[in-house]
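Written below as structure tokens is the structure these notes are about.
Derivation of every value follows stated rules applied to the coordinates shown; laboratory data play no part. From a predicted model like this one, the values you see are computed outputs, not experimental measurements. So basically every Cβ, Gly included, is an ideal-geometry build from the backbone, and we count neighbours across all protein chains shown.
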Amino acid sequence: QAKSKGKNNYQFYTDKDEKKAKRRLTMEVGLRRALEKEQFFLCYQPQVDIATNKVTGVESLLRWRDDQANIVSPFEFIPVLEDTGMITGVGEWVIRESCRQGVAWEAENLNLKVAVNISIRQLQVPGFVKQIETVLNETGFSANKLELELTENLLIEHIKDTSNTFHELHDLGIKLSIDDFGTGYSSMNYLKRLPFDTLKIDRAFIKDIMNDQDDAAIANAIITLAHSMDMEVVAEGVESSPQLGYLKQRHCDIYQGFLCSPPVNHHLISDLIANYPTSLIDSHSHSVS
Ligand code: C2E
Ligand code: MG
Ligand code: MG
Ligand code: MG
């Protein structure tokens with residue numbers, strides 16, 4: 001009986017693996033034509049200056065509407081783009097579209113910084129810096145309003161082959177940001193060697209910041225670290241006003257999260273800024289646990 005159970009389990013996993021492999025292959029095939037079919041689009045999530053409660057920038061987040069008109073999560077399709085090398089072309093489109101939108105907002109008198117997620121694979125392509133320069137020239141967006149976000153994990157592995165690229169980008173005036181900070185490897189040596197401007201506290205530490213002392217301690221340490229190295233600090237995934245109140249008290253610079261807005265269409269960014277409430281911080285927030 002144990003044997004047949006084991007066999008069933010085995011069967012169960014192979015079926016699941018096969019399903020996953022099929023799904024992946026279908027995605028890969030779909031993604032190959034997604035750019036030309038104009039199935040990619042960007043959503044934007046506001047970044048709010050905590051001290052002034054002003055929206056000072058946005059983060060661009062990529063979406064894919066597949067052939068069945070399903071919106072696929074980047075958690076699913078970004079790894080496929082990275083493994084197949086397609087991220088290079090799609091990533092360039094994301095940068096260009098983000099800069100173009102940044103200039104379109106300027107025409108509406110909205111002065112917004114635009115943060116774009118970048119895969120390490122993009123940085124490894126020779127001519128990446130030139131590519132960005134070309135996009136900036138062609139769109140007319142200022143380098144110092146463009147921020148590139150990179151996750152920590154692969155940075156350390158590739159510090160040698162990407163260090164020059166980071167310095168060249170920095171020299172152009174482009175801002176560099178470390179995404180999901182605190183979740184990757186704990187070596188922080190690269191902070192000293194690479195010209196980063198911003199640390200983003202991963203939302204895993206923000207979620208229970210009001211109740212979990214360890215999470216609060218880590219968030220506080222990241223804020224202190226960032227400020228002592230002259231970097232800005234952004235809190236990701238802020239969903240409640242007590243969380244925001246806490247971060248304000250700790251002098252965190254910027255926040256992003258559902259409390260202000262989820263990622264939305266560019267029109268809604270303009271509307272949101274026009275109608276933005278003066279304060280999302282509940283003055284009683286500290287007395288509520
Ligand atoms: P990320 O860069 O860390 O982006 C933040 C993610 O958290 C976004 O998920 C956003 O929708 C979500 N989020 C924001 N505020 C809240 C909140 O208050 N609560 C909760 N629960 N979630 C919140 P999204 O848009 O699904 O993106 C997932 C990841 O995909 C991004 O994480 C980023 O690593 C990657 N990604 C997205 N667009 C691109 C892109 O153009 N290029 C690359 N290379 N990666 C991208
Ligand atoms: Mg990001
Ligand atoms: Mg993040
Ligand atoms: Mg994240």
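Just the ratio, please: alpha-carbon radius of gyration of the chain over 2.2 N^0.38 Å, N its number of residues. Numbers along the way, then the final one.
On the way: Rg = 20.8 Å, N = 289, 2.2 N^0.38 = 18.9 Å.
Rounded to two decimals, the normalised Rg is 1.10.
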| remark: For the stretch 178-219, the Kirkwood Rh over every pair of distinct alpha carbons, in Å, works out to 11.2
| remark: Applying the span-like rule to the chain (DSSP H, Cα extent along axis at least 24 Å, Kyte-Doolittle mean at least -1.0) gives 87-107
| task | Could you work out the Kirkwood radius for the stretch 125-204, taking every pair of different alpha carbons, averaging 1/r and inverting it, reported in Å? | result | 13.3
| note | Looks like the stretch 55-137, by Cα gyration tensor root eigenvalues a ≥ b ≥ c and the a/c under 1.5 rounded cutoff (else prolate when a/b is bigger than b/c, oblate otherwise), is oblate
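Need one number: the % of Cα-Cα pairs in the stretch 159-270 sitting beyond the 18 Å mark. Present the calculation step by step, with values, prior to reporting the outcome.
Working: 3294 of 6216 pairs.
Considering the stretch 159-270, 53 percent of its Cα-Cα pairs are separated by more than 18 Å.
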| task | Would you mind calculating the relative contact order of the stretch 179-252 from Cα pairs under 8 angstrom and at least 6 residues apart, reporting the percent as a whole number? | result | 33
| remark: Charge dipole of the chain built from unit charges on the beta carbon (Lys, Arg +1; Asp, Glu -1), centred at mean Cα; most positive-end Cα among F77, V103, G89 is F77
